[in-house]
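The values are calculated or read from the model by the stated rules, or taken from the named source; none is laboratory data. Note that this is a predicted model, so its numbers are computed, not measured. Heads up, the Cβs are rebuilt from the backbone with ideal geometry, glycines too, and the neighbour counts pull from every protein chain shown.
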Amino acid sequence: MLLYLLAALFLLALGTLLVRAYRADRRAATLLTGAALIAMGAFFTGFTRTMIVYKPLMVLHIALTLYCWYAVILYLLRRKLELHALFSPAVSMLLFFLVAYYFKER
């Protein structure tokens, strides 16, 4: 229950940062990009539950997801995109699918 409360507060804080970023430059591109990055981070975070099957990959994915959230916050504060950080959880997802394909029952 506490974890859900913390997640809700984190998303509320990100929403506040997004509104502040939009008010600073009044560009719709900033608003849309920030919202898309928050949605992408939420998708990567939600995918973590699927990866529990392979524990080492799950730990890697959690670390890369935290790195992704850092990049989202960096964009909202400084308007600086770090694409390698934003898409780093996709690497662990790709590894997850490759391992699952390689070790599937035949």
Here are some residues: L31, L37, L14. Which one is more than 17 Å from S88 (Cα to Cα), under 15 Å from the mean Cα position of the chain (by Cα) and surrounded by 16 or more Cβ atoms within 10 Å (Cβ to Cβ)?
L14
I'd like to check something: does the range 84-92 contain any residue that is of a type outside the set (D, E, K, R), over 23 Å from G34 (Cβ atoms) and either surrounded by 15 or more Cβ atoms within 10 Å (Cβ to Cβ) or touching a Gly at 6+ places or on another chain (Cβ under 7 Å) (or both)?
yes
What's the number of the condition V19 fails, among (1) over 18 Å from L77 (Cα atoms); (2) surrounded by 11 or more Cβ atoms within 10 Å (Cβ to Cβ)?
(1)
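Would you mind finding the one in A21, A29, A13 that is at pLDDT 95 or above and closer than 19 Å to A71 by Cα? Quick ask: steps written out before the conclusion?
Numbers: A21 fails: at pLDDT 95 or above; A29 fails: at pLDDT 95 or above.
Selected residue: A13, the only one of A21, A29, A13 that is at pLDDT 95 or above and closer than 19 Å to A71 by Cα.
Quick one: which residue in V53, V99, V72 is under 17 Å from the mean Cα position of the chain (by Cα) and either at pLDDT 95 or above or over 16 Å from L11 (Cβ atoms) (or both)?
Details: V53 fails: under 17 Å from the mean Cα position of the chain (by Cα); V99 fails: under 17 Å from the mean Cα position of the chain (by Cα).
Being under 17 Å from the mean Cα position of the chain (by Cα) and either at pLDDT 95 or above or over 16 Å from L11 (Cβ atoms) (or both) holds for just one of V53, V99, V72, which is V72.
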